[in-house]
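Here is the structure we will look at, set down as structure tokens.
The values are calculated or read from the model by the stated rules, or taken from the named source; none is laboratory data. Given the structure is predicted, the values throughout are model-derived calculations rather than measurements. Accessible surface is based on the protein model in full, side chains and every heavy atom, while ligands, DNA and RNA are left aside. Shrake-Rupley method; radii C 1.70, N 1.55, O 1.52, S 1.80 Å.
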Amino acid sequence: MSLDKDETEFLAQKLSFAKRITGTGYPFEKDSYRALILEEIQRDYDPTQAVSDDKLLL
């Protein structure tokens, strides 16, 4: 998968954040986190995006 500059910066930021919140109790598995983040990029998933009320009313 070829990443453009924005995706590369996004990936670096997300990896940095994941490493920061993972702590030092266990080794940081960069490859695993990278794979998960790339999957988020591919499916355009943003867990921080708010769900509108319209989507809740089906």
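A few comments on the model shown:
- Every condition in (1) open to solvent by 90 Å² or more (accessible area, probe 1.4 Å); (2) on the phi > 0 side of the Ramachandran plot; (3) at pLDDT 75 or above holds for residue 23 except the one numbered (1).
- Selected residue (only one of 52, 2, 32 is at pLDDT 90 or above and more than 9 Å from the chain's Cα centre (by Cα)): 32
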